[in-house]
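First the structure, in the form of structure tokens, and then the observations on it.
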Amino acid sequence: MNKSVSSNQYKEFGANLFAPFLFWAGLCLLLLTLYSCQDSEENYNDGLNIPPHGYHSNLSEYGFFSGVMRNLDPVDSLLPYDLNTELFSDYTKKQRFVYIPEGEPAQITGNNTLEFPDGSVLIKNFYYPHDERDPALDRTLIETRLLKLRQGNWTANTYVWNEEQNEAFLRQTGSNQEISWLDYKGVERMVNYRIPSVNDCSTCHSKESKLVPLGPEADNLNREYTYRSGRENQLEKWRSRGFLSADTELAFLSEMPVWDDPSTGTLNNRARAYLHVNCSSCHNPAGSARNSALFLEYTQEDPYYIGVCKTPVAAGSGSGGLRYSIEPGSPDESILFYRMESVKPQERMPEIGRTVVHEEAVDLIRDWIETMDLPACGGS
């Protein structure tokens, strides 16, 4: 005898049939959502593999460079950049790159400061050419330093290149490396190059107890650079690429002189630019050397705070037995000049970042002090 099936029985049968399907569909949807969240982090890095927290053990894991890594050929989400006046680091050469997340441009605030968005990365590669007279010859990569901005805080990591020059490995503790090369005169030079520790980095990169970038200030970036697409002002390039806010007015921005190029500024301005880049990271009212009351920012206008006829706060071997930071007309009687000429760890300035004398800069500062049109200290 045939039995009829009621509509309620059909509904119950259908519910039982599709219940497992609905369970697995919901699970798949949940997994897809989680995967999408992970994928959004990858998109936030524009195809790079930058961890939201922590760091990689190997430089190659970030995906900054395409092809043979030692060629430092950046992927499209990076921009190379250079500076008008750069920090001296025992005659190393440097290749710099910046990453800024898409849709999150940097802003230029007061005092030529660049305010970077979260997720930004500054990449600085240090190397020595085998022969400075022919840059096309080979080079030795020493280290790559990363500054990464997360939740408003910069963190520093150093990656040291291996002998094979095919990888760089994270090293948080400092080390030394013997390097030799031929300089632009063909003279063989040697240096016991210091690779900084994390604590070393914070010594110079500290402002109001926070880690900050040093080189990329608006006026120091305001220069032309030869890109693959041609020569262009760097800040204009940053703006057109979305690395810098589209409404940034560039026409009235100042341009820091190139310290060793007389065509870019007066002797005074070039000397001040050099001291700003190499000294003011510590010697400013918020820096680690603020207790010295020697403030060497490019914008500082008071001769006393620059060091003219200023006695040191704390006497010691670093003063060389001299009375004033700067004695106008007398570089050999000036503490600032004395410390630039010294290589002794307790005397030299800067304390970190150099082990040899920057001979060309010493000549610049000598000329600057000798030609100062200011009265001698002490009324003599």
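The values are calculated or read from the model by the stated rules, or taken from the named source; none is laboratory data. This structure is a prediction, so every number in the text was calculated from the model and none was measured. Positions of Cβ are backbone-derived with ideal geometry, glycine not excepted, and every protein chain shown enters the neighbour counts.
In region 77-92, how many are among the β-branched types (Val, Ile, Thr) and touching a strand residue (DSSP E or B) at 6+ places or on another chain (Cβ under 9 Å)?
We begin by selecting, within region 77-92, every residue among the β-branched types (Val, Ile, Thr); these are 85, 92.
Pick out the ones that are also touching a strand residue (DSSP E or B) at 6+ places or on another chain (Cβ under 9 Å) and you get 92.
Of the residues in region 77-92, 1 are among the β-branched types (Val, Ile, Thr) and touching a strand residue (DSSP E or B) at 6+ places or on another chain (Cβ under 9 Å).
Quick one: in region 157-201, of everything that is of a type in the set (D, E, K, R), in contact (Cβ under 8 Å) with a residue 60 or more places away in the chain and assigned to a strand (DSSP E or B), which residue is nearest to residue 358 (Cα to Cα)?
Keep residues of region 157-201 that are of a type in the set (D, E, K, R), which gives 163-164, 167, 171, 178, 183, 185, 188-189, 194, 200.
The next check asks that each one be in contact (Cβ under 8 Å) with a residue 60 or more places away in the chain; those that pass are 167, 183, 189, 194, 200.
Checking the rest, the ones that are also assigned to a strand (DSSP E or B) come to 189, 194.
Working: 189: 13, 194: 15 Å.
The extreme case among them is 189.
Looking at region 214-246 only, could you name the residues that are out of contact with any helix residue (DSSP H, G or I) (no Cβ under 9 Å at 6 or more places or on another chain) and among the acidic types (Asp, Glu)?
Residue satisfying the conditions is 236 alone.
Residues in region 112-131 that are in a strand (DSSP E or B), over 16 Å from residue 72 (Cα atoms) and touching a residue at least 24 places away in the same chain (Cβ under 8 Å): how many?
To start, the set of residues in region 112-131 that are in a strand (DSSP E or B) comprises 114-115, 121-129, 131.
Okay, now just the ones that are also over 16 Å from residue 72 (Cα atoms), so 114-115, 131.
Now narrow it down to the ones that are touching a residue at least 24 places away in the same chain (Cβ under 8 Å): 114, 131.
So the count comes out to 2.
For the subset of region 86-111 comprising residues that are of a type in the set (Ser, Thr, Tyr) and either in contact with a Leu (Cβ under 7 Å, 6 or more places away or on another chain) or free of Cβ contacts under 8 Å to residues at least 40 places away in the same chain (or both), which member is nearest to residue 140 (Cα to Cα)?
Among those residues, the one meeting the criterion is 99.
In region 223-240, how many are within 10 Å of residue 79 (Cβ to Cβ) and assigned to a helix (DSSP H, G or I)?
Applying the first criterion (within 10 Å of residue 79 (Cβ to Cβ)) to region 223-240 yields 225, 227, 234, 237-238.
Adding the requirement that they be assigned to a helix (DSSP H, G or I) leaves 234, 237-238.
Total satisfying the criteria: 3.
Going by what's in this entry, would residue 104 be described as surrounded by 13 or more Cβ atoms within 10 Å (Cβ to Cβ), part of a loop (DSSP other than H, G, I, E, B) and either in contact with a Phe, Trp or Tyr (Cβ under 6 Å, 6 or more places away or on another chain) or modelled with pLDDT of 50 or more (or both)?
yes
Checking residue 334 against (1) closer than 30 Å to residue 218 by Cβ; (2) surrounded by 15 or more Cβ atoms within 10 Å (Cβ to Cβ), which single condition isn't satisfied?
The single condition residue 334 does not satisfy is (1).
Looking at region 357-372, can you tell me whether even one residue there is under 21 Å from residue 215 (Cα atoms), surrounded by fewer than 18 Cβ atoms within 10 Å (Cβ to Cβ) and out of contact with any helix residue (DSSP H, G or I) (no Cβ under 7 Å at 6 or more places or on another chain)?
yes
Kindly provide the set of residues from region 226-240 that are surrounded by 15 or more Cβ atoms within 10 Å (Cβ to Cβ) and either among the aromatic types (Phe, Trp, Tyr) or closer than 29 Å to residue 360 by Cα (or both), ordered by number.
233, 234, 235, 238
Among the residues in region 268-275, are any under 12 Å from residue 326 (Cβ atoms), surrounded by 15 or more Cβ atoms within 10 Å (Cβ to Cβ) and under 18 Å from the mean Cα position of the chain (by Cα)?
Checking region 268-275: at least one residue is under 12 Å from residue 326 (Cβ atoms), surrounded by 15 or more Cβ atoms within 10 Å (Cβ to Cβ) and under 18 Å from the mean Cα position of the chain (by Cα).
Which one is farthest from the chain's Cα centre (by Cα) among residues in region 107-128 that are surrounded by fewer than 20 Cβ atoms within 10 Å (Cβ to Cβ) and of a type in the set (Val, Ile, Thr)?
That would be 109.
Tell me yes or no: at least one residue of region 131-153 is out of contact with any strand residue (DSSP E or B) (no Cβ under 7 Å at 6 or more places or on another chain), modelled with pLDDT under 95, among the aliphatic types (A, V, I, L, M) and farther than 26 Å from residue 61 by Cα.
Looking for residues that are out of contact with any strand residue (DSSP E or B) (no Cβ under 7 Å at 6 or more places or on another chain), modelled with pLDDT under 95, among the aliphatic types (A, V, I, L, M) and farther than 26 Å from residue 61 by Cα, one finds at least one in region 131-153, hence yes.
For region 241-268, enumerate the residues that are outside any helix (DSSP H, G or I) and closer than 13 Å to residue 367 by Cβ.
Answer for region 241-268, where residues must be outside any helix (DSSP H, G or I) and closer than 13 Å to residue 367 by Cβ: 259, 260, 266.
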